[in-house]
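To start, the structure itself, in structure tokens.
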Amino acid sequence: MSLPDNGWTENQAQGLFERLNLDGGTPKWKWEHLHRLRSWCSVHGKDSATIDGQLDFVAADLCHTYEGIGMALMRATTVEEARAAVAPYINRITATDTLPSFKSLQGGEADLLRFGT
């Protein structure tokens, strides 16, 4: 497993990889980013469930969709700077909310979820 060759230094690649916190399987990302990952991997013949496929997607995302963050990553000279540079991207893609448990839905919260009131 390695990051695609995008001209990143070892420190930049390491900082990005550490912040992504990928462990194989489905990443803990927001639904819309998971959908984009799966669509991109399907078009490019990659497996979205593998770390390699996920890294390829992230590299393309930083080079084509989130160019500003990709450029900030390119300017980083240390692992710490690289981690800081990609923090906005990580915050954007990472799922922060979870679905309520069944027990919490018993008090009428299910109606709130279903009807939005």
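Through the Karplus equation 6.51 cos²θ - 1.76 cosθ + 1.60, θ set to phi - 60°, convert the phi angles of segment 76-88 into ³J(HN,Hα) values in whole Hz; use x for Gly and Pro.
5, 10, 10, 4, 4, 5, 5, 4, 5, 5, 8, 4, x
Counting only residues 5 or more places away or on other chains, whose amide H sits under 5 Å from the amide H of THR94 once H atoms are built in the peptide plane?
Placed amide hydrogens put LYS30 under 5 Å from THR94.
Residue by residue, what Karplus-based ³J(HN,Hα) values in Hz, rounded to whole numbers, does segment 54-63 have, using 6.51, -1.76 and 1.60 with θ = phi - 60° and x for Gly and Pro?
5, 5, 4, 4, 4, 4, 5, 4, 6, 8
Kindly write out, for segment 11-23 in residue order, the coupling ³J(HN,Hα) from the Karplus curve 6.51 cos²θ - 1.76 cosθ + 1.60 (θ = phi - 60°), rounded to whole Hz, with x marking Gly and Pro.
Each residue of segment 11-23 in turn: 5, 5, 5, 5, x, 5, 4, 4, 6, 5, 6, 7, 10 Hz.
No lab work stands behind these numbers, since they all come straight from the coordinates. Note that this is a predicted model, so its numbers are computed, not measured.
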